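Engineer: The structure follows.
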Amino acid sequence: MPSLSWPDFGALAFFVIAWLAYSYVIAGGRGDRRGLNYLMDEYRLRWMREMAIRDMRMVDSGIMASLQNGTAFFASTSILAFGGAASLLRGADDAVKVFSEISFGMVPTRGLFELKVVGLLVIFGYAFFKFAWAYRLFNFSAILIGATPARASTDVDARERMATRAASMLGAAGGHFSRGQRAFFFALAYLGWFLGPWIFIVMTAAVVFVMWARQFHSDARRALFPPDDSRGAA
């Protein structure tokens, strides 16, 4: 087991803490209600309520198919990324020579390089499981949409309950999909570790800043709630 230098250990600890802290803020922290992900959950509920009173639901089926196809694409991409990272283990000696020439930190050893690759494999493996589970949840959501009583049904309460359940399932699917994408973004930051611990720290901070800006100050969020909207400033 290769030993980590203090700069490497500190950079890795910063990376893990940054990931966990950002996930907490987005998924359960105080900033959650102001973020783009939370706002989209409200629109998912609105979508399902509109779906419940539609006579024909081909539009909803088309949207679900699009969501499933996008999730399947990212799941496949994560598998390809996993395989590409695994291939680095076979050419570790050559890779160490390359990174030793461009590294801005300490010259990596073969053991440390392999440890970094294993970490990359863990990230892409995590992303695959998130995307695969999101795909499954989108399937469940499609089933709940199909089980929602038709507009002609006199049981309005049952229709509302099914719409709410479908929206909750869609929210869960969207949450896992977001975590998979977040893993991809943090994988980009993780690549900085191959160049050195200080580059690792800088890239991690840059990725967190970009994702935070997209959640709270992006054009996508302004599209949902313009600056003159009182809810957008809440």
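The values are calculated or read from the model by the stated rules, or taken from the named source; none is laboratory data. Everything quoted here is computed from the prediction, not taken from an experiment. All Cβ positions, even for glycine, are placed from backbone atoms using ideal geometry, and neighbour counts span all protein chains on display.
This table checks each residue for (1) more than 22 Å from the chain's Cα centre (by Cα); (2) outside any helix (DSSP H, G or I); (3) at pLDDT 85 or above; (4) closer than 18 Å to GLY174 by Cα.
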site: PHE14; (1), (2), (3), (4): no, no, yes, no
site: ALA18; (1), (2), (3), (4): no, no, yes, no
site: TYR38; (1), (2), (3), (4): no, no, no, yes
site: TYR43; (1), (2), (3), (4): no, no, yes, yes
site: VAL59; (1), (2), (3), (4): yes, no, yes, no
site: THR71; (1), (2), (3), (4): no, no, yes, yes
site: SER76; (1), (2), (3), (4): no, no, yes, yes
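Engineer: Filter the stretch 186-210 down to residues that are surrounded by fewer than 17 Cβ atoms within 10 Å (Cβ to Cβ) and in contact with a helix residue (DSSP H, G or I) (Cβ under 9 Å, 6 or more places away or on another chain) and give me whichever is nearest to LEU45 (Cα to Cα).
Structural biologist: To start, the set of residues in the stretch 186-210 that are surrounded by fewer than 17 Cβ atoms within 10 Å (Cβ to Cβ) comprises 188, 191, 198, 202, 205-206, 209-210.
Now restrict to residues that are in contact with a helix residue (DSSP H, G or I) (Cβ under 9 Å, 6 or more places away or on another chain): 188, 191, 198, 202, 205-206, 210.
Details: LEU188: 33, LEU191: 38, TRP198: 44, VAL202: 38, ALA205: 34, ALA206: 33, VAL210: 28 Å.
Among those that are surrounded by fewer than 17 Cβ atoms within 10 Å (Cβ to Cβ) and in contact with a helix residue (DSSP H, G or I) (Cβ under 9 Å, 6 or more places away or on another chain), it is VAL210.
Engineer: For the stretch 80-88, does any single residue satisfy the condition of being modelled with pLDDT under 90, in a loop (DSSP other than H, G, I, E, B) and not aliphatic (A, V, I, L, M)?
Structural biologist: no
Engineer: Being basic (Lys, Arg), out of contact with any Cys (no Cβ under 7 Å at 6 or more places or on another chain) and more than 28 Å from ALA11 (Cβ to Cβ), is that true of even one residue in the stretch 178-192?
Structural biologist: no
Engineer: If we scan the stretch 173-184, do we find a residue that is over 30 Å from MET64 (Cβ atoms), assigned to a helix (DSSP H, G or I) and at pLDDT 95 or above?
Structural biologist: Here is the first cut: in the stretch 173-184, the ones over 30 Å from MET64 (Cβ atoms) are none.
Checked the stretch 173-184: no residue is over 30 Å from MET64 (Cβ atoms), assigned to a helix (DSSP H, G or I) and at pLDDT 95 or above.
Engineer: Oh, and also: May I ask you to list pairs of residues, at least six apart or on different chains, whose Cβ atoms are under 7 Å apart, with the first in the stretch 204-217 being farther than 17 Å from PHE14 by Cα and at pLDDT below 95 and the second being surrounded by 14 or more Cβ atoms within 10 Å (Cβ to Cβ) and among the β-branched types (Val, Ile, Thr)?
Structural biologist: These pairs meet every condition: GLN215/ILE26.
Engineer: Let me ask something additional. Say we look at the stretch 96-108 and pick out the residues that are part of a helix (DSSP H, G or I) and touching a Pro at 6+ places or on another chain (Cβ under 9 Å); which of these is modelled with the highest pLDDT?
Structural biologist: Taking the stretch 96-108 and keeping what is part of a helix (DSSP H, G or I), we get 96-102.
Adding the requirement that they be touching a Pro at 6+ places or on another chain (Cβ under 9 Å) leaves 96, 99-100.
Details: VAL96: 70, PHE99: 65, SER100: 67.
This residue is VAL96.
Engineer: So in the stretch 124-160, with the set limited to residues that are outside any helix (DSSP H, G or I) and not β-branched (Val, Ile, Thr), which one is surrounded by the fewest Cβ atoms within 10 Å (Cβ to Cβ)?
Structural biologist: ALA152
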